[in-house]
Amino acid sequence: MEANMPKRKEPSKSLRIKVISMGNAESCIIKRYCEKRFVSKYLATIGIDYGVTKVQVRDREIKVNIFDMAGHPFFYEVRNEFYKDTQGVILVYDVGQKDSFDALDAWLAEMKQDLGPHGNMENIVFAVCANKIDCTKHRCVDESEGRLWAESKGFLYFETSAQTGEGINEMFQTFYVSIVDLCENGGKRPITNSSASFTKEQADTIRRIRNSKDSWDMLGVKPGASRDEVNKAYRKLAVLLHPDKCVAPGSEDAFKAVVNARTALLKNIK
Ligand SMILES: Nc1nc2c(ncn2[C@@H]2O[C@H](COP(=O)(O)OP(=O)(O)OP(=O)(O)O)[C@@H](O)[C@H]2O)c(=O)[nH]1
Ligand SMILES: [Mg+2]
């Protein structure tokens, strides 16, 4: 008799979370996800837009309160009230606008300052969206640069387009799962595969190589250095960045650039 009884469904555990979005073109990402549409006309957010949505993650029903921050500095006074008690942050930049990528640090600084000395950013899930990937012609921040910035901070990284919808569902899905993992993990950010798999020295070196102005600069030697000095500097970088040992985004290109720089310099040194 008991065997034929329908199994009682466990009541689904509901959860309420707060998510904020900021950066450049974040409103369109939310619109694409929530309303499945794209608006090409620019409608600036005035202050803060607020919305509620429900999502299902495993056996949990999640009620999401989304606060979409206006990017304009004018709205700082409004924004700064809203950073508290947040479980997830969506940070968006435009891959065709380097300024918007560089501004991510300022967004983080603003949030940190607002949360104050006792605020903890470690228990918040951050999802970085490299957005407008449909505009391939204007792209000036490549994937490895964005990924390196995000992953060296332990943030999730996604390539998205609010226009075509590419990457948006995947981003929200992974983002919500990570937030639920965080809540179930006692408020600690879950360790992602990519975080902590490379060192700060590796990340900083790749960035330095990317921004170097010539081959001397790239190897970190003075112009006119000897063969020995060039080789020594090269070996040090090769050990740090060799693709067999370094999984940081952009390490392969940085390694190749270093090999080329060394070859070019040695050609001209007696
Ligand atoms: N081609 C393309 N355009 C996009 C994409 N996402 C947003 N846009 C355009 O970029 C502009 C700005 O988008 P919004 O999402 O409103 O930007 P925002 O950061 O919310 O702006 P503020 O509210 O002023 O902070 C709009 O004209 C959008 O149509 C995208 O993926 N591809
Ligand atoms: Mg907006």
Considering amide H positions built from the backbone, and no H for Pro or chain starts, which residues 5 or more places from Val92, or on another chain, come under 5 Å of its amide H?
Met22, Gly23, Asn24, Cys129
CD proxy at 222 nm, helix term only [per DSSP H run n ≥ 4: -39500 (n - 2.57); per residue of the chain; nearest 500]:
-12000 deg cm²/dmol
Relative contact order (%) - region 144-270, alpha-carbon pairs under 8 angstrom, separation at least six
25
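So what are the chain's ellipsoid semi-axes, whole angstrom, largest first, if each one is the square root of 5 times an eigenvalue of the alpha-carbon gyration tensor?
Values: eigenvalues 343, 108, 62 Å².
Equivalent-ellipsoid dimensions as semi-axes: 41, 23, 18 Å.
Would you kindly state the longest site-free stretch of the chain, with sites defined as GluC sites (Glu not before Pro) in a DSSP loop (not H, G, I, E, B) surrounded by at most 12 other Cβ atoms within 10 Å?
Numbers: sites that count: Glu81, Glu122.
Maximal segment without exposed cleavage sites: 123-270.
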The long-range amide H neighbours of Tyr157, using H built 1.01 Å from N in the peptide plane and a cut-off of under 5 Å, are Val128
Round to a whole angstrom and tell me the spacing of the C-alpha centers of region 196-222 and region 106-130.
27
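What's the longest piece of the chain with no exposed chymotrypsin sites (Phe, Trp or Tyr not before Pro), counting a site as exposed if DSSP puts it in a loop and it has at most 16 other beta carbons within 10 Å? Write down the numbers at each step before the final one.
Working: sites that count: Phe38, Tyr42.
In short, 43-270.
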Provide the per-residue ³J(HN,Hα) series for region 251-262, in order, calculated from phi with Karplus coefficients 6.51, -1.76, 1.60 and θ = phi - 60°, each as a whole number of Hz, with x at glycine and proline positions.
5, 5, 5, 5, 4, 4, 4, 5, 4, 5, 5, 5
Quick one: how many lysine pairs in region 69-194 have C-alpha atoms under 20 angstrom apart, if they're 8 or more apart or on different chains?
8
Nearest 10 degrees, 0 to 90: helix 98-115 Cα axis against the chain principal axis:
60
With the chain treated as a Gaussian network of Cα nodes joined by springs under 10 Å, which of Val64, Val247, Val221 yields the largest mean-square fluctuation?
Val221
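Readers should treat all values here as calculations from the given coordinates under stated rules, not as data from a laboratory. Computed from a prediction, not measured in an experiment: that's the story for all the values here. Heads up, the Cβs are rebuilt from the backbone with ideal geometry, glycines too, and the neighbour counts pull from every protein chain shown.
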